[in-house]
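Chemist: Dropping a structure here in structure tokens format, bear with me for questions.
The values are calculated or read from the model by the stated rules, or taken from the named source; none is laboratory data. Because the structure is predicted, anything quoted here is derived from the model rather than measured. Cβ: placed from backbone, ideal geometry, glycine included. Neighbour counts: every protein chain shown. Calculation scope for accessible area: heavy atoms of the full protein, side chains included, ligands and nucleic acids excluded. Shrake-Rupley method; radii C 1.70, N 1.55, O 1.52, S 1.80 Å.
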Amino acid sequence: MSYKVICHMAMSMDGKIAGAYLGTENFSPYGKIYDELLMRFNLNNWICGRVTFQQDITNDQPIEYSSQRPMISSREDYLADPSAKSYAIAIDPNGKIGWSTNQIGEEYPERKGDHIVAILSEAVSDEYLGYLKEKQISYIFAGKDKPLFLKVALDKLSDYFKIDTFLVAGGGIINGFFAQEELIDEWSLLIIPTIEGTFAATSLVETPMTNEIFKQNYELSKIEKVGENGVWLRYKKQAYTR
């Protein structure tokens with residue numbers, strides 16, 4: 001299938017996408033700039049991992065199970081709102097995110113109204129599928145267990161919702177999985193003029209594998225100064241040279 005994948009991230013000068021610097025005054029204006037740049041793409045979707053959704057969107061809301069809710073044993077994709085106009089896509093293999101509704105709300109005003117779509121493994125519990133269906137949250141399967149096959153997920157999303165350009169927005173592990181499958185066509189990187197300096201802070205790309213798996217090269221396509229001292233870099237996929 002034909003579609004494009006853009007990974008849009010903000011990071012410190014030492015390549016960290018999370019850390020204490022996110023709470024500093026120096027970062028504050030660049031958080032807004034990040035969202036402004038994201039909106040420039042004018043896309044109807046964004047993809048994040050479980051941790052990012054729990055930290056930034058749901059505030060670690062617990063999953064409320066009920067004995068009255070039917071369990072779902074089949075592992076068939078469920079489209080709660082196939083005519084939705086925009087989508088918040090959560091990579092959640094084992095079904096750990098608690099949701100209050102099937103749309104993004106005031107916690108992310110720029111994406112308010114986006115229909116939530118969960119990308120799951122078949123190892124998810126029957127109870128969780130019943131929970132999502134009750135909330136009218138769409139879900140799609142992309143593998144029997146972790147790690148998911150992200151190309152399978154994108155193929156299905158493109159087919160079901162007619163998406164031709166995807167926007168990936170982290171975190172580092174999710175970026176790593178997309179990079180491993182060589183699915184990222186463009187990197188959009190907002191460089192914040194600060195240093196995190198913490199070894200444990202999440203990097204732009206994280207993977208337990210060695211760097212030898214990353215065969216894809218990229219070429220600089222755009223550089224733009226943003227804010228007082230920030231830089232917006234864009235890299236596009238380079239054709240293989242063998």
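Chemist: Test A239 against the stated conditions and say whether it is in a loop (DSSP other than H, G, I, E, B), among the small types (G, A, S), at pLDDT below 95 and surrounded by fewer than 20 Cβ atoms within 10 Å (Cβ to Cβ). Full working, then the answer.
Modeler: Details: in a loop (DSSP other than H, G, I, E, B): yes; among the small types (G, A, S): yes; at pLDDT below 95: yes; surrounded by fewer than 20 Cβ atoms within 10 Å (Cβ to Cβ): yes.
Spelling it out, A239 is indeed in a loop (DSSP other than H, G, I, E, B), among the small types (G, A, S), at pLDDT below 95 and surrounded by fewer than 20 Cβ atoms within 10 Å (Cβ to Cβ).
Chemist: Just need a number here: residues in the stretch 172-191 that are part of a loop (DSSP other than H, G, I, E, B) and either open to solvent by 10 Å² or more (accessible area, probe 1.4 Å) or within 12 Å of L204 (Cα to Cα) (or both). Show your work before the answer.
Modeler: So in the stretch 172-191, the residues part of a loop (DSSP other than H, G, I, E, B) come out as 181-185.
Still in the running and either open to solvent by 10 Å² or more (accessible area, probe 1.4 Å) or within 12 Å of L204 (Cα to Cα) (or both): 181-183, 185.
Going through the stretch 172-191 one residue at a time, the tally reaches 4.
Chemist: Same structure, new question: Report yes if D159 is within 28 Å of Q180 (Cα to Cα), modelled with pLDDT of 95 or more and either over 16 Å from the mean Cα position of the chain (by Cα) or open to solvent by less than 80 Å² (accessible area, probe 1.4 Å) (or both), otherwise no. Outline the logic, then answer.
Modeler: Values: within 28 Å of Q180 (Cα to Cα): yes; modelled with pLDDT of 95 or more: yes; either over 16 Å from the mean Cα position of the chain (by Cα) or open to solvent by less than 80 Å² (accessible area, probe 1.4 Å) (or both): yes.
Yes: the conditions hold for D159.
Chemist: Oh, and also: Given R75, R40, which one is open to solvent by 30 Å² or more (accessible area, probe 1.4 Å) and under 19 Å from R234 (Cα atoms)?
Modeler: Values: R75 fails: under 19 Å from R234 (Cα atoms).
Checking each option against the conditions leaves just R40.
Chemist: Considering only the stretch 49-71, how many residues are open to solvent by less than 40 Å² (accessible area, probe 1.4 Å) and touching a helix residue (DSSP H, G or I) at 6+ places or on another chain (Cβ under 7 Å)?
Modeler: Result for the stretch 49-71: 2.
Chemist: Criterion first (touching an Asp or Glu at 6+ places or on another chain (Cβ under 7 Å) and either free of Cβ contacts under 8 Å to residues at least 60 places away in the same chain or surrounded by 13 or more Cβ atoms within 10 Å (Cβ to Cβ) (or both)) does G197 satisfy it? Reasoning before the result, please.
Modeler: Details: touching an Asp or Glu at 6+ places or on another chain (Cβ under 7 Å): yes; either free of Cβ contacts under 8 Å to residues at least 60 places away in the same chain or surrounded by 13 or more Cβ atoms within 10 Å (Cβ to Cβ) (or both): yes.
Here the answer is yes, as G197 does meet what is asked.
Chemist: Cβ contacts < 7 Å: first residue over 13 Å from S74 (Cβ atoms) and in a loop (DSSP other than H, G, I, E, B), restricted to the stretch 120-147; second residue at pLDDT 95 or above and of a type in the set (K, R), any location; separation 6+ or different chain. Result?
Modeler: S121/K144; A123/K144
Chemist: Ok, one more. Which condition from (1) more than 21 Å from W99 (Cα to Cα); (2) buried (at least 18 other Cβ atoms within 10 Å of the Cβ); (3) hydroxyl-bearing (S, T, Y) is the one that Y139 breaks?
Modeler: Status for Y139: all satisfied but (1).
Chemist: Same structure again: Return the residue satisfying two criteria in turn: it lies in the stretch 1-48 and is touching a Phe, Trp or Tyr at 6+ places or on another chain (Cβ under 9 Å) and among the β-branched types (V, I, T), and of such residues it is farthest from L183 (Cα to Cα).
Modeler: I33
Chemist: Still on this structure: Go through the stretch 98-118 and give me each residue that's of a type outside the set (D, E, K, R), surrounded by 19 or more Cβ atoms within 10 Å (Cβ to Cβ) and in contact (Cβ under 8 Å) with a residue 40 or more places away in the chain.
Modeler: The answer is W99, I104, V117.
Chemist: Could you pull out the residue among V152, V205, V231 that is among the aliphatic types (A, V, I, L, M), out of contact with any strand residue (DSSP E or B) (no Cβ under 7 Å at 6 or more places or on another chain), surrounded by 14 or more Cβ atoms within 10 Å (Cβ to Cβ) and outside any loop (DSSP other than H, G, I, E, B)?
Modeler: Details: V205 fails: outside any loop (DSSP other than H, G, I, E, B); V231 fails: out of contact with any strand residue (DSSP E or B) (no Cβ under 7 Å at 6 or more places or on another chain).
Answer to the selection: V152.
Chemist: Consider F166 against the criteria (1) in contact with a strand residue (DSSP E or B) (Cβ under 6 Å, 6 or more places away or on another chain); (2) under 30 Å from S67 (Cα atoms); (3) surrounded by 19 or more Cβ atoms within 10 Å (Cβ to Cβ): it satisfies all of them except one. Which criterion is unmet?
Modeler: (2)
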